[in-house]
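Asker: Supplied in structure tokens, the structure appears directly below.
The values are calculated or read from the model by the stated rules, or taken from the named source; none is laboratory data. Remember, it's a predicted structure, so these values are computed and weren't measured experimentally. For neighbour counting, all protein chains shown are included, and Cβ atoms are generated from backbone atoms with ideal geometry for every residue, glycine included. Heavy atoms of the whole protein, side chains included, go into the accessibility calculation; ligands, DNA and RNA do not. Shrake-Rupley method; radii C 1.70, N 1.55, O 1.52, S 1.80 Å.
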Amino acid sequence: MNYEQLPLFKLAKEIMEKIEAFGGEAFIVGGCVRDLMLQQQVGDIDIATSLLPEEVMDVFDKVIPVGVEHGTVIVRHQSQSFEVTTYRMEEDYKDYRHPERVYFVSSIEKDLSRRDFTMNAMAMSVSGEIIDPFEGRQAIKKKQIQTVGDASDRFEEDPLRIMRALRFSAQLDFSIDPDIYTVIGEKKGLLAFISVERIAEEWIKLMTSSSYMEGWKNIKNTEVYRYLPVFRDSFALMEAAPERRLTDWAEVISFYHLKQREISVKEWVGAWKLSNRIQKKAEHLAETYELFENKETAQYVVYRLGGEQLKSFQNLTQGLGTELPFDLFEVYNELPIRMKSELEIETREILDVFPERRKGKWIGEYIHALEKSVVQGFCANQRYELIEWVKEWDRLNQN
Ligand code: ATP
Ligand code: MG
């Protein structure tokens, strides 16, 4: 391993050197060592140390004490954040929820032994040496997910690991060791003890991974879906997977809603405890899809969709296996207007055409009709034409 070629690792190394100069030990650990070996993009770098959090805070100037009781602080270095955590193990988990208490231990090997999977239980020293007591490298070579120690015990300790195993199968395109597969089948019921939010975090990572199909098949075959919100009441939802990868919550929720429309977006969002923002976007995508189904013109569909949602709508339609007979981006680029405010006419000018009429709901309806007409190219976006069009529209409406 050559630190020089990897800027983020080089910064981490500087932190580790400082810890060592202080008399402590430090290793890069966990997911980033795995991702480095897989030559995948490394998100953030975690460091494990023999120093206590108080000592780490003494060594560095810029430290954020995010979880001192669990041994974790964030060290800021060159505008980057590094999680530095004291070697620790976890005491018995109560109620499958959270460990009662963590306690600090003296060796990196002990710290690695509490980690979930062998590929996640490796450490790298300042000199680039890999500490790999559980043969994580071997597992990576075989592209296999294996638990550190007895799978049954480890899933019982923390059933979230079941979801993590499935999620990693999708993210890394790894297979799950056959014995572990069986254990997941046996222990999946323990997921009932895990909060929806934590399950949701893993599930969305799975669904939006490049190898989401691998994860989806694993969820289906292990029948873990029986413990997922919404799916647990509608097994039929597992009959079909998205045909292409979806990329965010709104796409995933609108996809499933359109697959089974009795289940509203709101219901999905409630069951998975998602945000209003996700609900709004999912509803918008689903409503736009329905406009398309109802044979509205490409221009109008794309106009209603809006420029920011083009990519998501494309993902959704591809996920559903629907072929759009037009190119969303091309149609959008050629729209005469992109929003109502671009109409070359003011509400006042419409009112002036009908001086005898009182203000009312009709104005909104007229503007909407105008908008639609301009978008579809039936009327040019010019004041005179727009006024003529309003008069004509009115004549038709009166009959
Ligand atoms: P990513 O950040 O890409 O999701 P990661 O492997 O870094 O993957 P994190 O959730 O960031 O996953 O956790 C960092 C490390 O902490 C893991 O690599 C693993 O060693 C350990 N770990 C995380 N969650 C658990 C858990 N539930 N049980 C045991 N060890 C865990
Ligand atoms: Mg991580």
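Asker: Can you tell me how many residues in the range 222-248 are in a helix (DSSP H, G or I) and out of contact with any Phe, Trp or Tyr (no Cβ under 8 Å at 6 or more places or on another chain)? Step through it out loud before you land on a result.
Answerer: First, pick out the residues of the range 222-248 that are in a helix (DSSP H, G or I): 222, 224-227, 231-233, 235-239.
Right, trim to out of contact with any Phe, Trp or Tyr (no Cβ under 8 Å at 6 or more places or on another chain) and you get 224, 227, 233, 236, 239.
Looking only at that region, the number is 5.
Asker: Looking at the range 361-399, which of its residues are assigned to a loop (DSSP other than H, G, I, E, B), free of Cβ contacts under 8 Å to residues at least 60 places away in the same chain and under 16 Å from L343 (Cβ atoms)? Before you say what the answer is, go through the steps one by one.
Answerer: Kept after step one, since they are assigned to a loop (DSSP other than H, G, I, E, B), are these residues of the range 361-399: 376-382, 399.
Next, from what is left, pick out any that are free of Cβ contacts under 8 Å to residues at least 60 places away in the same chain: 378-382, 399.
Residues satisfying the conditions are F378, C379, A380, N381, Q382.
Asker: Taking only the range 39-58 into account, find how many residues are farther than 13 Å from F9 by Cα and open to solvent by less than 50 Å² (accessible area, probe 1.4 Å).
Answerer: Residues meeting the conditions: 6.
Asker: Please give the number of the condition E344 fails out of (1) over 30 Å from Y256 (Cβ atoms); (2) in a helix (DSSP H, G or I); (3) of a type outside the set (A, V, I, L, M).
Answerer: Among (1) over 30 Å from Y256 (Cβ atoms); (2) in a helix (DSSP H, G or I); (3) of a type outside the set (A, V, I, L, M), the lone unmet condition for E344 is (2).
Asker: May I ask you to verify whether E349 is free of Cβ contacts under 8 Å to residues at least 40 places away in the same chain and open to solvent by 30 Å² or more (accessible area, probe 1.4 Å)?
Answerer: No, not satisfied.
Asker: Can you name the residue in the range 61-74 that is of a type outside the set (D, E) and away from ligand 1 (no atom under 16 Å from the Cβ) and is also nearest to A139 (Cα to Cα) among such residues? Spell out the reasoning first.
Answerer: To start, the set of residues in the range 61-74 that are of a type outside the set (D, E) comprises 62-68, 70-74.
Adding the requirement that they be away from ligand 1 (no atom under 16 Å from the Cβ) leaves 62-65, 68.
On the way: K62: 37, V63: 35, I64: 35, P65: 34, V68: 33 Å.
Only one residue fits best here, namely V68.
Asker: Cβ-Cβ distance below 9 Å, separation of 6 or more or different chains: which pairs start in the range 113-136 with a residue that is of a type in the set (G, A, S) and in a loop (DSSP other than H, G, I, E, B) and end on one that is at pLDDT below 95 and more than 10 Å from ligand 1 (Cβ to nearest atom)?
Answerer: S127/M1; G128/M1; G128/N2; G128/Y3
Asker: What are the residues in the range 288-328 that are open to solvent by 60 Å² or more (accessible area, probe 1.4 Å), in a helix (DSSP H, G or I), in contact with a Ser or Thr (Cβ under 9 Å, 6 or more places away or on another chain) and within 24 Å of M207 (Cα to Cα), if any?
Answerer: The one that is open to solvent by 60 Å² or more (accessible area, probe 1.4 Å), in a helix (DSSP H, G or I), in contact with a Ser or Thr (Cβ under 9 Å, 6 or more places away or on another chain) and within 24 Å of M207 (Cα to Cα): K311.
Asker: Let me ask something else about it. Is the range 348-356 home to any residue that is assigned to a helix (DSSP H, G or I) and in contact with a Phe, Trp or Tyr (Cβ under 7 Å, 6 or more places away or on another chain)?
Answerer: Step one: of the range 348-356, the residues assigned to a helix (DSSP H, G or I) are 348-353.
Going one step further and asking which of them are in contact with a Phe, Trp or Tyr (Cβ under 7 Å, 6 or more places away or on another chain), we end up with 350.
Checked the range 348-356: at least one residue is assigned to a helix (DSSP H, G or I) and in contact with a Phe, Trp or Tyr (Cβ under 7 Å, 6 or more places away or on another chain).
Asker: Could you check how many residues of the range 167-220 are over 22 Å from V269 (Cα atoms) and in a helix (DSSP H, G or I)? So that I can check it myself, show each step before the final result.
Answerer: Initial filter on the range 167-220 (over 22 Å from V269 (Cα atoms)): 168-190, 210-211, 213-214, 217-218.
Imposing the further condition that a residue be in a helix (DSSP H, G or I) reduces the set to 168-172, 178-190, 213-214, 217-218.
Summing the residues that are over 22 Å from V269 (Cα atoms) and in a helix (DSSP H, G or I) in the range 167-220 gives 22.
Asker: Another question about this same structure. Quick one: what pairs do we get from the range 34-60, first residue within 22 Å of K110 (Cα to Cα) and within 12 Å of ligand 1 (Cβ to nearest atom), second open to solvent by 50 Å² or more (accessible area, probe 1.4 Å) and not in a loop (DSSP other than H, G, I, E, B), C-beta under 6 Å, 6+ apart or different chains?
Answerer: The qualifying pairs are D46/E83.
Yes/no matrix, rows are residues, columns are (1) acidic (D, E); (2) open to solvent by less than 80 Å² (accessible area, probe 1.4 Å); (3) more than 28 Å from E334 (Cβ to Cβ):
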residue: E356; (1), (2), (3): yes, no, yes
residue: E365; (1), (2), (3): yes, no, no
residue: K372; (1), (2), (3): no, yes, no
residue: Q376; (1), (2), (3): no, yes, no
residue: N381; (1), (2), (3): no, yes, no
residue: E385; (1), (2), (3): yes, no, no
residue: D394; (1), (2), (3): yes, yes, yes
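Asker: Also, I was wondering about something else. Output the residue which, of all residues in the range 114-129 that are open to solvent by less than 40 Å² (accessible area, probe 1.4 Å) and either away from ligand 2 (no atom under 16 Å from the Cβ) or modelled with pLDDT under 95 (or both), is farthest from L38 (Cα to Cα).
Answerer: Per the criteria, the residue is V126.
Asker: Taking D173, is it touching a helix residue (DSSP H, G or I) at 6+ places or on another chain (Cβ under 7 Å) and not assigned by TED's automatic domain parsing to the domain that holds E54? Full working, then the answer.
Answerer: Working: touching a helix residue (DSSP H, G or I) at 6+ places or on another chain (Cβ under 7 Å): yes; not assigned by TED's automatic domain parsing to the domain that holds E54: yes.
So D173 fits the description; yes.
Asker: Output yes when any residue across the range 10-25 is in contact with a Lys or Arg (Cβ under 9 Å, 6 or more places away or on another chain) and either in the same structural domain as D173 (by TED's automatic domain parsing) or within 16 Å of ligand 2 (Cβ to nearest atom) (or both), and no when none is.
Answerer: no
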